[in-house]
Amino acid sequence: MSKKLVWYLLFFLVLVLVFFYFLFRGTDNWKSKLPVISYVQPFHFTTQDNLPFTDRDMLGKVCVVEYFFTTCKGICPKMNTNMRTVYEQFKNEPDFMIVAHTCNPETDSAARLKVYADSMKIDTKKWVLLTGRKDSLYQIARSAYLLDDPKNNVEKIEDQFIHTQFFALVDKNGKVRGQVYDGLKQNELDLLKKDIKELLAEKSGTANFANGVFNNNP
């Protein structure tokens, strides 16, 4: 190969690199992004203030999702102590929210969740507590947030009980991102906080909707 041809090829390569630099400069397209592992599905639950809360209320927010119950004496207090460090770090971010679902709706009415929220002294616009039908709460935990094994759905719903220390992370467009995070491990909490920062910095795209709800297509 002649030197002239080599120089032409190098010159062409430089032009291509410059082109792509200016094409993606100022965008997130050149960055390695957190993987999409699932999608928010349609739901309708009730907040601690006895108000409706649906999947659409998460639109435009980076959300950390957990499951707990108010009478838990085991992992839940530790989980929520750790979740508070997430809350304190991001509570002033306008596009951030924690969405906590009860896994014991037979006990955790809206009124009981309100008492629990008051005892935690949290801003429930930033850390919302949800109750609802048990089958709906459990279905979305397994199929959308991946916080429990779907195989556990084979039993009667009244005999099921989800008790998980894992958190899920949802971006502004209803996509579950990153991984499932162990809320009892400091290194995974640190990773969660890092990933929250990354999603907050992402520009909101156009959410995928079908019939007014999040679509399960990328």
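Only the coordinates and a few stated rules stand behind these numbers; no lab work does. These figures come from a predicted structure and were not determined experimentally. When we count neighbours, we look across all protein chains shown, and the Cβ atoms used for this are built from the backbone with ideal geometry, even at glycine.
Taking H placed 1.01 Å from N in the peptide plane, check which residues at least 5 places from GLN48 or on another chain put their amide H under 5 Å from its amide H. When sequence neighbours closer than 5 places are left aside, the close amide H contacts are LEU129.
Pairs of C-alpha atoms in the stretch 56-136 farther apart than 16 Å represent 49 percent of all such pairs.
Out of all Cα-Cα pairs in the stretch 43-84, roughly what percent, to the nearest whole number, are more than 16 Å apart? Taking all Cα-Cα pairs of the stretch 43-84, the fraction more than 16 Å apart is 52 percent.
Our summary of shape: the Cα atoms of the stretch 48-196 have principal axis extents of 40, 31, 31 Å, ordered from largest down, in whole angstrom. Of the peptides 165-176, 48-59, the ranking by mean beta-carbon count within 10 Å, highest at the top, reads 165-176, 48-59. About its Cα centre, the dipole of the stretch 34-214 is roughly 280 debye, where the only charges are +1 on Lys and Arg Cβ and -1 on Asp and Glu Cβ.
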